[in-house]
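Worksheet: the structure to be examined is printed underneath.
Quick note: the coordinates plus some simple rules give every number you see, no bench work behind them. As the structure is a prediction and not an experimental result, all values here were calculated from the model. Here the Cβ positions follow ideal geometry from the backbone for every residue, glycine too, while neighbour counts run over all protein chains shown.
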């Protein structure tokens, strides 16, 4: 009898946990489906398996559908911009911009659902969700094999549903952590913020010419 009760209790807890998990993920999805644009500051830390650490910081802008702008300010200026179809990667010190079709550059990094291009649960399986202080901590794994991504950890503020951090783990034990701050939503960001015209004297290179398949 005790074994039966224990089984029923564990089964009930499992159902309850599954329902709670789906509820949190659904709330996050609905919140970002209602977000037209998002901007803030980011701090990036890359931890390589060999022990090296690289850090950078800057400002980011996201706008539905499918537009992003990442302005790296330190340790050097870099700019990544996409209008939803084309990706520009500009490095002022090199005086060159690399242009690439966004589909060829796309990865499983979970920005698609932020920009209205898909659902989080379509891309990822939610392996774990726990409450850590005032945040939800989610562990996600790609639904399809990805040579560049093993899992993603996401920290979401429970009260606002703002994403506070994303941690990307690749199959080689390298990790990239993105911390976000000063977040603002629905500021009606202009569409021309997500296009790029090379300054005079800047050389334009095509990614497919630099990195032929």
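For this structure, a couple of remarks:
- Computed lengthening from residue 94 to residue 29, 0.36 nm per intervening residue step minus Cα-Cα distance: 19.5 nm
- Inter-label distance, residue 125 to residue 103: 2.8 nm, where each label sits 7 Å from its Cα along the C-beta direction.
- Taking 7 Å steps out from each Cα toward its Cβ at residue 57 and residue 207 produces label points 2.8 nm apart.
- Residues of region 35-62 with an amide N closer than 19 Å to a point placed 7 Å from the Cα of residue 76 along the Cα-to-Cβ direction: 44-48, 52-59.
- Whole-angstrom gap from region 30-81 to region 173-197, using each part's C-alpha centre: 5 Å
- Global form of region 24-158, assessed from the alpha-carbon gyration tensor, a/c cut-off 1.5: prolate
- If you plug the beta carbon distance of residue 186 and residue 86 into 1/(1 + (r/R0)^6) with R0 = 22 Å, you get a FRET efficiency near 0.30.
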